[in-house]
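Down below is the structure, laid out as structure tokens.
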Amino acid sequence: MKITDIRIRKVQKTGRMKAVVSITIDDEFVVHDIKVIDGDKGLFIAMPSRKSTDGEYRDIAHPINSDTRSSIQSLILEKYEEMGDEDEEQSSEAPSEGAAF
């Protein structure tokens, strides 16, 4: 399994959620609505979930083992951090324009 594309949409509102991510696996399968969250111990990802009738949130799609989760999280957060650097460069070059996504 190889992640062949990562698309990140940064969230402009204040709060813990910093971005919403879609990943493509092997150019054949897409997972939408992965969230980048700023937690007490730093950034982490939350897989797409749905609220059940009992009020609990349950993952819709998720990695089966911790190695795969760590790999996906590392790739997403690396790309997210790269985007942060690009946003800062763009804002210093053209402060009146919004960042391109």
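A few remarks follow.
- In the range 28-70, the residue that is farthest from residue 2 (Cα to Cα) out of those that are assigned to a helix (DSSP H, G or I) and free of Cβ contacts under 8 Å to residues at least 60 places away in the same chain is 66.
- Qualifying residue in the range 30-42 (condition: touching a Phe, Trp or Tyr at 6+ places or on another chain (Cβ under 8 Å) and under 14 Å from residue 79 (Cβ atoms)): yes
- Filter pass, residue 83 being surrounded by 14 or more Cβ atoms within 10 Å (Cβ to Cβ) and either hydroxyl-bearing (Ser, Thr, Tyr) or at pLDDT 95 or above (or both): no
- Of the numbered criteria (1) over 15 Å from the mean Cα position of the chain (by Cα); (2) within 13 Å of residue 7 (Cβ to Cβ), the one residue 24 fails is (1).
- Qualifying residue in the range 2-17 (condition: loosely packed, with under 14 Cβ neighbours inside 10 Å, in a strand (DSSP E or B) and touching a residue at least 60 places away in the same chain (Cβ under 8 Å)): yes
The values are calculated or read from the model by the stated rules, or taken from the named source; none is laboratory data. Here the structure is a predicted model, which is why all the values come from computation and not from measurement. Here Cβ is always computed from backbone atoms with ideal geometry, including for glycine, and neighbour counts include all displayed protein chains.
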